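Participant: Before I ask anything, here is the structure I am working with.
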Amino acid sequence: MTSQESALAADIEIATRAMPGVAALFRAGSLASNVLDAGARAIGIRDDSDPLIRLEQTPEGLRVDIAIGVQDHAGAVETIRRVQAAVRVVIEEQHGARAEIRITVVHINDTTTQGGEA
Amino acid sequence: MNTHDTPDPLRMEPDDLDGHTIEELSDYLDSGRSPADPSIDESAGCQIALDALERLRVLTPELIAADTAAESEADEGWVQSILAGITLDARAGRRIPIVIDPPGPDAGITEGAVREVIRAAENTVSGVLIGRCRFDGDVTVPGEPVLIRVDVSVPYGQPIPGLVDRLRTEINMRLSAHTTLNVTGIDITVSDLRHPSSRTGEER
Amino acid sequence: MSHDRDPLESADDTIIAGRAADGDTAAFSVLVRRYTPMMRAYARRILSGSAEVDDVVQEAFITAWGQLPKLDDPGRAKSWLMRITSRKAIDRVRATRPQVDLEEVVLPAPELCAPARQAEARAGVAALSDALQELPAPQRECWVLREIGGYTYEEISDELGIPLSTVRGLLARARKDIIVRMEQWR
């Protein structure tokens with residue numbers, strides 16, 4: 001990942017986490033490596049050089065992959081709208097770039113249990 | 001000691017069983033003694049052997065129960081050692097698209113997350129436990145009609161239709177908040193009526 | 001943590017196995033607690049020694065977790081778990097036992113080993129338990145799979161990798177030998 005991309009990924013992560021309704025950020029890109037079930041905590045070893053946000057250069061341009069956990073009360077649909085808006089600002093206004101944004105909700109925080117944090 | 005002059009059915013050789021073999025008698029017993037075979041039914045030796053086989057058959061469930069009772073219960077360490085061996089992935093399931101008006105993102109939610117959504121509905125309907133959730137219909141196609149099927153356990157003594165209605169309403173609400181699935185129905189099957197569990201002194 | 005107050009602990013298999021199939025490890029833990037003794041007992045009857053019983057049951061549960069989503073009727077979890085257990089136990093047995101010519105296996109005449117026991121009154125389950133333990137392994141395995149595991153003759157043939165006719169013979173011999181011993185002790 002270039003330093004430019006690293007910076008972009010970092011800013012996207014900050015913006016995403018700041019959104020109301022976002023309970024957690026997970027490693028994007030592979031559904032299979034991210035699942036939690038209702039009782040388990042996320043177990044992850046955070047390597048700062050390996051961001052959770054995934055950036056991919058496709059023939060059509062840059063694609064940003066984001067995997068989030070959502071607070072039950074906030075609603076996944078609303079939260080995705082907010083995240084998308086915030087991330088678009090980061091990409092286009094902060095970094096002057098264009099990208100396709102892909103957001104997947106992988107976990108819903110049951111309010112009676114502790115959520116996972118990545 | 002036995003002499004071999006007198007047939008002894010419990011030696012279970014064909015000589016003792018009027019020409020029949022123990023295999024035949026086993027099969028005869030397994031098939032519920034039908035179709036009736038007079039050569040067996042009229043043989044005293046066979047009847048004695050069949051009775052012994054029957055006694056053995058009756059003992060078997062008692063053996064299973066005794067064996068099981070003799071084993072120790074699973075302790076927490078045992079449960080943990082198994083959980084350590086399972087992988088939590090592959091329960092995510094398919095990615096279900098969330099339709100957001102353009103210029104919306106490519107948005108989606110995993111089947112696993114939607115199941116969590118549905119299961120969390122039990123928190124608002126006291127005592128209800130949700131089992132398996134199934135989606136009938138291709139959830140990966142936006143707008144495709146989907147029927148939700150849910151197994152449910154309810155506490156004994158509460159009127160079921162009321163609980164089921166409340167649960168259905170709750171599930172509906174949650175699905176609207178978390179998905180854009182075109183839900184055509186929510187099929188709730190009550191598969192378990194639980195008796196109130198006895199309280200223990202220990203708090204969690 | 002007290003499990004008794006947890007409503008999950010008293011829910012039936014359809015609910016528990018259904019939740020576990022959907023990824024709920026708490027529900028899966030209930031399944032583990034509920035059926036560990038039964039599966040240990042079953043494995044112990046199949047294996048000649050007790051050393052591997054826990055390994056076999058653990059393997060069975062781990063396999064079960066992976067296969068649960070494919071179980072059509074979660075209400076059948078109990079017999080399904082038993083199947084997995086016997087499969088794992090038989091795998092162990094076949095791995096560690098050299099090929100035995102099953103037709104050659106002959107039970108020593110009960111008179112030779114019974115004298116010390118004839119004086120004791122052995123009734124019912126204890127007698128059956130002892131008789132089972134004294135069977136040669138191939139007979140015991142057939143009997144356990146049939147009578148405890150509920151296998152058909154064909155399924156035993158598949159599981160043990162022996163011809164159907166051999167299964168019949170082993171089962172008949174097992175029943176005969178058990179009865180001869182038990183009746184001797186009466």
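No lab work stands behind these numbers, since they all come straight from the coordinates. If you're wondering where the values come from, they're calculated on a predicted model, not measured in any experiment. Here Cβ is always computed from backbone atoms with ideal geometry, including for glycine, and neighbour counts include all displayed protein chains.
Participant: For the pair B:Leu193 and B:Asp27, what calculated FRET efficiency results from E = 1/(1 + (r/R0)^6), where r is the Cβ-Cβ distance and R0 = 41 Å, to the nearest 0.05? Working shown, then result.
Facilitator: Values: r = 41 Å, r/R0 = 0.99.
Taking R0 as 41 Å, the efficiency between B:Asp27 and B:Leu193 is 0.50.
Participant: I would also like to ask the following. Compute the separation of the alpha-carbon centres of the stretch B:18-48 and the stretch A:1-16 and state it in Å as a whole number.
Facilitator: That distance is 81 Å.
Participant: Which residue fluctuates most in the GNM of chain B (Cα springs below 10 Å): B:Gly131, B:Gly77, B:Gly185?
Facilitator: The residue with the greatest mean-square fluctuation here is B:Gly77.
Participant: Lysines within cross-link reach of C:Lys78: Cα-Cα under 24 Å, excluding same-chain residues under 8 positions apart?
Facilitator: In chain and number order, the partners are C:Lys70, C:Lys88.
Participant: Here's something else I'd like to know. Under the rule of at least 5 residues apart or a separate chain, name every residue whose amide H is placed under 5 Å from the amide H of A:Leu62.
Facilitator: Residues meeting the criterion, in which the H sits 1.01 Å from N, are A:Glu100.
Participant: How far is the Cα center of the stretch B:53-90 from the Cα center of the stretch C:124-174, in Å?
Facilitator: One Cα centre to the other: 19 Å.
Participant: Around A:Ile108, which amide H atoms from residues at least 5 apart in sequence, or from another chain, sit under 5 Å from its own amide H, with H modelled in the peptide plane?
Facilitator: The list, which skips near neighbours in sequence, is A:Val70.
Participant: Arrange the following residues from fewest to most other Cβ atoms within 10 Å of their Cβ: B:Asp51, C:Asp72, B:Asp192.
Facilitator: C:Asp72, B:Asp51, B:Asp192
Participant: Here's something else I'd like to know. In Å and from the alpha-carbon atoms only, list the Rg and Dmax of chain B.
Facilitator: Computed over the Cα atoms of chain B, radius of gyration and Dmax are 29.7, 98 Å.
Participant: Give the order of B:Trp78, C:Trp65 when sorted by the count of other beta carbons within 10 angstrom, beginning with the fewest. If you can, show how the numbers build up before the last one.
Facilitator: Working: B:Trp78 18, C:Trp65 23.
Final ranking by Cβ density, sparse to dense: B:Trp78, C:Trp65.
Participant: If you average the sequence gap of Cα pairs under 8 Å that are 6 or more apart and divide by the length of the stretch B:9-70, what percent do you get for the contact order? Working shown, then result.
Facilitator: On the way: 40 pairs, mean separation 21.8, N = 62.
Reported as a whole number, the value is 35 percent.
Participant: Using the reciprocal of the averaged 1/r over all distinct C-alpha pairs, how large is the Kirkwood radius of the stretch C:120-171 in Å? Walk me through the intermediate numbers first.
Facilitator: On the way: mean 1/r = 0.0862 Å⁻¹.
Evaluated on the stretch C:120-171, it is 11.6 Å.
Participant: Related question: For the stretch B:9-70, would you read off the P(r) tail past 19 Å as a percentage of all alpha carbon pairs? Show your work: numbers first, answer last.
Facilitator: On the way: 638 of 1891 pairs.
Cα-Cα pairs of the stretch B:9-70 separated by over 19 Å account for 34 percent.
Participant: Please build a GNM for chain B, connecting alpha carbons under 10 Å apart, and tell me which residue among B:Val79, B:Val164, B:Val183 fluctuates the most.
Facilitator: B:Val79
Participant: For A:Ile103, enumerate residues with amide H under 5 Å from its amide H, sequence gap 5+ or separate chain, H modeled in the peptide plane.
Facilitator: The list, which skips near neighbours in sequence, is A:Ile66, B:Asp106, B:Ala107, B:Gly108.
Participant: Say we join alpha carbon atoms closer than 10 Å with springs in a Gaussian network model of chain B; which of B:Gly157, B:Gly45, B:Gly127 then has the biggest fluctuation?
Facilitator: B:Gly45
Participant: In what order do B:Ser26, A:Ser3, B:Ser153 fall by count of nearby beta-carbon atoms within 10 Å, going from fewest to most? List each step's numbers first, then the result.
Facilitator: Values: B:Ser26 20, A:Ser3 7, B:Ser153 25.
Going from sparsest to densest Cβ surroundings: A:Ser3, B:Ser26, B:Ser153.
Participant: What does the charge add up to near A:His73, with Lys and Arg as +1, Asp and Glu as -1, over the other residues with Cβ less than 11 Å from its Cβ?
Facilitator: On the way: positive: B:Arg174; negative: A:Asp72, A:Glu78, A:Asp110.
For residues surrounding A:His73, the net value is -2.
Participant: Provide the FRET efficiency to the nearest 0.05 for the A:Ala85-B:Glu144 pair, computing r from the beta carbons and using R0 = 35 Å.
Facilitator: 0.80
Participant: Under Stokes-Einstein, with the Kirkwood radius over Cα pairs standing in for Rh, what whole-number D in µm²/s applies to the stretch C:1-97 at 20 °C and 1.002 mPa s? If you can, show how the numbers build up before the last one.
Facilitator: Working: Rh = 13.8 Å.
The diffusion coefficient I find is 156 µm²/s.
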